[in-house]
Amino acid sequence: GKTIFLNSHLLQEIELVCDRVAILFEGEVLKVGPVTELTNLAGDTETLEATLELEGDAETITGVVPEQATSCDRIGENRFRVTIPSLDQAHIDELVDTIRQQGLSIISINRQKLTLEEAFLRLVRGAAGGDS
């Protein structure tokens, strides 16, 4: 085997090219390992991203979004993108039922895998005491 040292801030490319990576912060090595191992160390490895549309009062969305949602962003006049830490299928089904009962339209629901860049940011924030 061959070892190539590649230094880059383009973590999306690193994730595609490299088998193992090292995360550096302020000149210190935080973690070294396979990409999947590093993304697993960073906490939740998947999120659920739902795009919802509603007619009428925007307050309706707050009654539907689960407490554990990490974000709820307006992306259009009547559209919202909600991000939730990974849920099991039973909870996803329950969420979909609740959304439909509230009269919202589901434009899309996607599982998003944690990227190396997101894992890097979580690891660095942790090393910096959460304030970076």
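The values are calculated or read from the model by the stated rules, or taken from the named source; none is laboratory data. All figures in this text were calculated on a predicted structure; none of them were measured in a lab. In this analysis, Cβ positions are derived from the backbone assuming ideal geometry, glycine residues included, and neighbour counts consider all displayed protein chains.
Could you tell me how many of the residues in segment 96-131 are exposed (fewer than 11 other Cβ atoms within 10 Å of the Cβ) and either touching a helix residue (DSSP H, G or I) at 6+ places or on another chain (Cβ under 7 Å) or outside any strand (DSSP E or B) (or both)?
Selection size over segment 96-131: 5.
Could you tell me which residue of segment 1-26 is nearest to ARG125 (Cα to Cα), considering only residues that are part of a helix (DSSP H, G or I) and either in contact (Cβ under 8 Å) with a residue 40 or more places away in the chain or touching a Cys at 6+ places or on another chain (Cβ under 8 Å) (or both)?
LEU11
Can you name the residue in segment 27-69 that is in a loop (DSSP other than H, G, I, E, B), over 23 Å from GLN112 (Cβ atoms) and out of contact with any Lys or Arg (no Cβ under 9 Å at 6 or more places or on another chain) and is also modelled with the highest pLDDT among such residues?
Ranking the candidates gives GLY27 first.
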